[in-house]
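Before any comments, here is the structure.
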Amino acid sequence: MNKIEAPHINGKFLYYAFLAGGNQILKNQVELNRINVFPVNDKDTGSNLASTIRSVIDNIKPQKSYKTMLKDIAEASLLGARGNSGVIFAQFLHGISRETINKSKITFPEFAESVKRSIPYIYEAIAHPVEGTMLTVIKEWSDFLSSKKEAIYHFENTIIDSLLVLEKSLAETPLKLKKLSKSGFVDAGAKGFVIFIKGIIEFIRNKNIRDLVVDSGENITLIHSEELIDEEIHYRFCTEAIIRNTKISKKELQNILNKSGDSSVVAGSENLCRIHVHTNQPASLFHHLKDFGTITYQKVDDMVRQQETAFKRKWNIALVTDSTCDLPQELIDLYQINVVPINLNFGDNHYLDKVTIQPEQFYELLETHPEFPKTAQINEQVFTNLYSHLASHYDAIIALHLTSQFSGTYTNSVKAGRRIAQEFKKPVHVIDSKNLSGALGLLVLKTAFYIKQARPLESIVKSIENDVIHSKIFVSVRNLKFMIKGGRVSKPKGLLASALGLNPVISMDANGKSLLFGKTFSQKASLNKIYTHIEKISRGKTVWNYIILHANHVNGAMEAKEKLKQLIGKEPVSVVNISPVIGMHAGTGAIAVSLLFNQN
């Protein structure tokens, strides 16, 4: 009599099961955000888990081999993990992958054993494991599977039966965690895991692959009546990074993070390590970590801004821009503007503009570092993550970015906006400012004014698109050294111009391309040329507002301010150290003026 082969799990089954569980996370992220109170009440657990899931779905393809498929899923989740819950979930998958034997298909007992062996990976990754969270639910689910692993011929029924254990464990999280008992909510990360397994169970029951197409509009609602919770946040920045080829042990790395803040997690291995910590000094932390490996990715979220998004929204339209927008921080905070940092690289060192490197530090490196810095556009995933979180709380999103002629940032924002608009059934408008720096700042500020006035969304978008035409910027370059180093001016022409003592004036044309407005033989002369031109183009118009900008040249900026006060008849919005993305080419000592005229 032939022996009956035990049911097995192969790579394709795993792929579609993960897709089914992941889709349920995407559909329920708003609810997960709503109940998020631990470790910080910043209402982003759903968005973070959804980001982790998207990273996997977007970067894997079905594989026949279970081991190969699991390895791909684990690596993609580690690279895309976001937030405390996302990193823990990724570490869980990493542990299963490490503890799975190299086979193209596995039996249920082998699966249960790999899950059981993954539990220490999670607990070791967290500096201070807390029960009553995702940790507890995964552990108790693992214990149940392990107790049933002899049911070799009934693995599907066992997975289905495990739902009762998961729901009981989830319901008990408030009993184990005091912070949850006060809120009346279960743990958001734990609920996310239960929802994920529920999705897998539905797939096991139906096995209809066509049902896996995401219809994320289902189960998504937005209620602007959450109870106001003004919880004090001790560490403002949720900080993450990927470090490759670390030179220190994971335990030593954990100690560094613990000294910097709390909620620290170290996931992955020494070859590919994902870190997470809440800190007040992300720039200092990354400056320290750069000596212990290659930092290939950084992410820093402002949890104070996230808490405002969840509980203290001043208006129902979210406003987004990128870090080339030059506005003073007090205005950014006043109007709750979400600023996404451009990526900057000095050699192998990666920085986030104005977050992990400040303008003053940047200009110092610009003068001393042997390599000229490079910028990298903000990728689509970053915008997707942000828009997902904002769409969980706002009715609409407006984003304005630097000229699309300089960067793919605008295009990536558009793609992410379309995805989230479809996923949440909410409008996301992305506008090409065809400008940058102070001119972009003024357009963002004008948008904030329109939002404050409670104007209709479509009216705001139409007005800003018209305002784009009336924005101007003029940059006086003190010397051509950095334009030559950056390749904006050819070396032979640049050296000749430098020898002649030429000081160019750079502006932008109507299409958002850089324009050589003029050239003189001194910066004083180039600024006079700018003043004369501003006086000319202001005839018959009124200046809505203007900004003075400089690249570490405060004295020159203050002189320009006095001159323009006489010319325009009012104070500028601010005097700001110009965005490094502009300053890297204009160079130290540059002075710029940005204006926005009223529409006729």
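Miscellaneous remarks
- Mean shadow area of the chain, taken as a quarter of the surface of its Cα convex hull (nm²): 29.1
- Across 425/452; 513/565; 312/415; 149/251, pairs whose alpha-carbon gap is larger than 25 Å: 513/565; 312/415; 149/251
- Percent of Cα pairs exceeding the 15 Å cut-off, where the set is the range 253-335: 67
- Over 20 Å [Cα-Cα, the range 401-484], rounded percent: 45
- Relative contact order [Cα under 8 Å, 6+ residues apart], the range 9-212, whole percent: 27
- Selection from 379, 548, 397 lying farthest towards where the dipole of the chain points positive, charges on Cβ: 548
- Percent of Cα-Cα distances greater than 20 Å, calculated over the range 9-212: 53
- Relative contact order (%) - criterion: Cα under 8 Å, at least six apart; region: the chain: 11
- Legend: translational diffusion of the range 289-380 by Stokes-Einstein, Rh = Kirkwood radius over C-alpha pairs, 4 °C, 1.567 mPa s; D = 87 µm²/s.
- Solvent-free Debye scattering, log10 I(q)/I(0), computed from the Cα coordinates of the range 342-441 at q = 0.22 Å⁻¹: -1.12
- Each peptide in 57-63, 438-444, 35-41 gets a packing score, the mean of other Cβ atoms within 10 Å over its residues, and the list from highest to lowest is 438-444, 35-41, 57-63.
- Under the criterion of Cα pairs below 8 Å and six or more residues apart, the relative contact order for the range 1-65 equals 40 percent.
- Cα shape, the range 306-355, gyration tensor, a/c 1.5 rule: prolate
- For the chain, size of Cβ-based charge dipole, Lys and Arg +1, Asp and Glu -1, in debye: 1580
- Backbone phi angles across the range 539-553, fed through the Karplus curve with coefficients 6.51, -1.76 and 1.60 (θ = phi - 60°), yield HN-Hα couplings of 5, x, 10, 10, 7, 5, 5, 8, 9, 9, 10, 8, 10, 6, 9 Hz in residue order; Gly and Pro are listed as x.
- Dipole of the chain, positive direction: furthest Cα of 468, 171, 74, with charges on the beta-carbon: 468
Values quoted throughout were computed directly from the atomic coordinates according to the rules given, and no laboratory measurement underlies them. Everything numeric in this text was worked out from a predicted model, so none of it was measured. So basically every Cβ, Gly included, is an ideal-geometry build from the backbone, and we count neighbours across all protein chains shown.
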